[in-house]
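Can you keep this structure in mind? I'll have questions shortly.
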Amino acid sequence: MPMPDVTAAVTDYSESTKDGCFHCGTPVNSAAFTNDGKSFCCGGCLTVFELLTENGLTDFYKFGGAAGVRADSSSNLEDYGYLNDPVLRRQLVDFEDERETRVTFRVPSVHCIACVWLLENLFRLKPGIGYSRVNFTRKEVYITFENARVKLGEIAALLASLGYAPDLCLSDMDERPRNPVSRRLWMQLGVAGFAFGNIMLLSISSYLGLDSFSGPGLNRLFGYISLALALPTLVYSGADYWRAGWVALRGRMLTIDVPIALGISALAAWSTAQVLSGRGPGYFDSLAGLLFFLLCGKMFQQKTFDRLVFDRDYKSFFPLSIMRAGGQGEERIGLSQLAVGDRLLVRNGELIPADSRLLSGPAMIDYSFVTGESEPVAKATGGHIYAGGRQIGGAIEIETVRDVSQSYLTSLWNQETFSKKAQASLNSLTDQYSRRFTKIVLATAVAAGIFWYLREPARSLTSFVSVLIVACPCALALAAPFTLGTAQRVLGRRKVFLKNPSVIETLARVDTVVFDKTGTLTASGAGAIVFWGKPLSAEECSSIASLSRHSTHPYAVRIAESIGEEHPAHPVRSFSETAGCGIQGIVAGHDISIGSAAWLNSQNTLVKSPPPASGSIVYVAIDGTYRGCYTLSNALRPQAADLIRKLSENYDLALLSGDNEREREQFLELFGSAGHVHFNQSPLNKLNFIRQLQAPGKTVMMVGDGLNDAGALKQSDVGMAVVESMGAFSPASDVIMAASMVPRVHQILQFARSSVRVVRLSFAISAIYNVIGISIAARGMMSPVVCAILMPLSSITVVAFACGLTARLGHRIDFESTPHQVSNA
């Protein structure tokens, strides 16, 4: 269902709820709890109201009266004091340092936009809380707080006092939490199904035209039994529709729950009046069947959505791998293979995938992905390192002490620090359509009811209820998330990982593609490496290789591989890496610098003129003295020339490289006269170039290695980071892609456009269904039960069409990995 429009919620909170608790809507049995003319069901709700009033949070009630959840007046700090135990605290929190802590609580009570608003304003209720965000679909709240001002137990007690008691099951902390909503939905479905079957059994004589054989007394008895069976169905199975409809009306909002609730009300009132007056058995079989099939549709939506969430979080839909050290050497493994006790090698710039203990260091951990603070934290051997930190400096060895949580790491990728400006999306268009659609449905139902009441009163109720029930914007609301979610899964299986499904929409609008050269269009590890200068000694080779192994840059990796494993590794001290410039460190008592000529010159190292060879050049200085340079010939990735040719037919192209201009002619020939080719570009130059392209309104996709291109990746409309080993984490990017998929960029963009077309086709199918269904229902030719069956069937049809066609398009496009060969264009 579409989320309510917050801007439409303008109800004056001073209006008291006459029939129930002003805060939660529970029936009030006494006037013991009142404040400012408002009644409350218990002291807990009264306390919450007073707390919100004192802290200027009465806007909460603008989302609709009775929008809160019933608070537990008995909860207090002592109930959650055990959470302050250091051992237990370590198990619960996601991150902590001397200043602040970040924790995730599951809060099953969250049910509407008002709950989200309140939980994201916790900082106004408790000094020391700095940040809180709600994941509505997972019913989780992420909270950051200051250790000096707030304790973990106080946070949990505050949530409980507001009616959002955290679900704490310590024995299952490492397992996927169960969703209590599913159990309740199954119970509601069971009650509705039981009533539906039995009322139909009692009504079988009416179906067969045998009423005269039953006698009036028996028919009246059957009517009362049907009423008794329908009441729990109406109250319990329809509870979600009653509550959602009531909250929407209180907030002066129109959602699809409003016509559904009105239809159920009309059908129930008419049937009850008929039974009590003795005029007939009513339509309780239709009422129970209506709720049963509506809940079937709701179950289908939840199960399908849960499957998408499950795939996203637990089927390796996160592109991080790590280097594991073992008895047989080093091996790169995926997160799903990581276990507690594994020893990992983490190099400069790589992410800590799980809570770990430092075995060898020293370590400088950058927690900016977690806290937003870029100040590195020093860790000594034996120190605890939290997941999400990034090593700054030389390679370190760690041992995992806690299972990896891919959903937690994914949340780092999605946090607001790296988000881009929100743009109009298919989902926002869906919400706008749904609101207008609800108004049209209500108007059509009233008009049909009045029309038939004047001409043929027997059809009046049937047409009114049928129009309300058969109308289904749900099918339209499901089209975008399920299509884009399926497209995300299709790409993920081919090692193209999207930050979220909405990236597909932006990919479909791209009209300009900008490439980095190194590690993107050129293949890492391909081509010859030659050293120019006085031959290096074995000791110098070992020092250069030792320093290079601490970096993930493609040039450093290639240099280390070219020297080989026969040279013993030396410890590296004072390692540093300057993006776009080079690396530096002290190895075996010597100061080694490897990087660009301009960077070494800035360190007062006189660099000689470059050798007469093509390719990228990496200069080497030892103890401030120039020793020579490596030339790395660059070979294009397989099918790179074909990729550029295909892209040039529909997109504007550009190349930005930090290397010298020795390969300009080669790439000018590759990109043609229409392409923009620029060399000697610093990270800032690349970022400014993207801005210049965006100024006239172009939608730009930047394809880079994620190391020197972080600024350009973040500035672009779509940032696509290319990684060789899937070990680099690029939070500024929207897409992380295996390097072998670079020749398929054209097909990825085509697939994105096709996926958006599938969404629009699904919109059309939903619109056709509603036009036909409503027109038939308005003529009184369709019973409410048939309408209730058609409503979930329309959702199933749209979801099956959207998911099936999108998956089919994914299979038709050749996404197979390219062979590991190179082309010297």
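With label points built 7 Å along Cα→Cβ from the Cα atoms of Trp186 and Ile333, find their separation and express it in nm.
According to this spin-label approximation, the distance is 3.4 nm.
Of the GluC sites (Glu not before Pro) in region 478-567, which ones lie in a loop per DSSP and count no more than 16 other C-beta atoms within 10 Å? Spell out each step's value before the answer.
On the way: sites: Glu505, Glu539, Glu540, Glu561, Glu565, Glu566; in loops: Glu565, Glu566.
Taking region 478-567 and a limit of 16 other Cβ atoms within 10 Å, the loop GluC sites (Glu not before Pro) found are Glu565, Glu566.
Run the numbers for Phe679 and Thr797: contour at 0.36 nm per residue of separation, minus the present Cα-Cα distance, in nm. The partial results should precede the final answer.
On the way: separation 118, 0.36 × 118 = 42.48 nm, distance 5.22 nm.
So the chain would gain 37.3 nm between Phe679 and Thr797.
How do Glu375, Glu661, Glu100 rank by accessible surface area computed with a 1.4 Å probe, from largest to smallest?
On the way: Glu375 140, Glu661 90, Glu100 20 Å².
Solvent-accessible surface, decreasing: Glu375, Glu661, Glu100.
Another question, if that's okay. So how exposed is Trp186, as accessible area in Å² (1.4 Å probe, rounded to 10)?
140 Å²
Would you work out what percent of the accessible area of region 341-395, with all protein chains in place, is carbon or sulfur (probe 1.4 Å)? Mind dumping the intermediate values first?
Values: 920 of 1890 Å².
Reported share for carbon and sulfur atoms: 49 percent.
Now a separate question. What distance in nm lies between label points placed 7 Å from Cα along the C-beta direction at Arg753 and Glu539?
Output for this residue pair reads 6.2 nm.
Give me the extension gain from Ser609 to Ala239: residue separation times 0.36 nm, minus the current Cα-Cα distance, reported in nm with one decimal. If you can, show how the numbers build up before the last one.
Numbers: separation 370, 0.36 × 370 = 133.20 nm, distance 7.97 nm.
Here the answer is 125.2 nm.
Carbon and sulfur atoms: what percent of the 1.4 Å accessible area of region 611-750 do they account for? Write out the running numbers ahead of the final one.
Working: 2250 of 4810 Å².
Using a 1.4 Å probe with all protein chains present, region 611-750 comes out at 47 percent carbon and sulfur.
For region 463-622, what relative contact order do you get, as a whole percent, if you take Cα pairs closer than 8 Å and at least 6 residues apart? List each step's numbers first, then the result.
Numbers: 146 pairs, mean separation 20.0, N = 160.
Dividing the mean separation by the residue count of region 463-622 yields 12 percent.
Roughly how much of Ser775 is accessible, in Å² to the nearest 10, using a 1.4 Å probe?
Accessible area, nearest 10 Å²: 60 Å².
Multiplying the sequence separation of Arg645 and Ser602 by 0.36 nm and subtracting their Cα-Cα distance, what value in nm do you get? Present the calculation step by step, with values, prior to reporting the outcome.
On the way: separation 43, 0.36 × 43 = 15.48 nm, distance 3.98 nm.
Working it through step by step, the gained length comes to 11.5 nm.
Considering only Cα-Cα distances, which of the following residue pairs are longer than 22 Å: Lys495/Lys698; Lys534/Lys608; Lys151/Lys499; Lys517/Lys714; Lys126/Lys379?
Details: Lys495/Lys698 27 Å; Lys534/Lys608 13 Å; Lys151/Lys499 33 Å; Lys517/Lys714 18 Å; Lys126/Lys379 32 Å.
The pairs that break the limit, which is 22 Å between Cα atoms, are Lys495/Lys698; Lys151/Lys499; Lys126/Lys379.
Just to make sure I understand: if all protein chains stay in place, what is the order of Arg138, Arg753, Arg573, Arg220 by accessible area at 1.4 Å, largest first?
On the way: Arg138 40, Arg753 80, Arg573 140, Arg220 105 Å².
So the residues, ranked largest to smallest area, are Arg573, Arg220, Arg753, Arg138.
Here's another thing I want to ask about it. How much of Ile796 can a 1.4 Å solvent probe reach, expressed as accessible area in Å² and rounded to 10?
Number for this one is 70 Å².
For the pair Gln91 and Glu665, how long in nm is the line joining their label points, each one 7 Å along Cα→Cβ?
Reported label-point gap for Gln91 and Glu665 is 6.9 nm.
The values are calculated or read from the model by the stated rules, or taken from the named source; none is laboratory data. All figures in this text were calculated on a predicted structure; none of them were measured in a lab. Cβ sites come from the backbone with ideal geometry, for glycine too, and all protein chains shown count toward neighbours. In case anyone asks, the SASA skips ligands and DNA or RNA and just uses the protein heavy atoms, side chains included. Shrake-Rupley method; radii C 1.70, N 1.55, O 1.52, S 1.80 Å.
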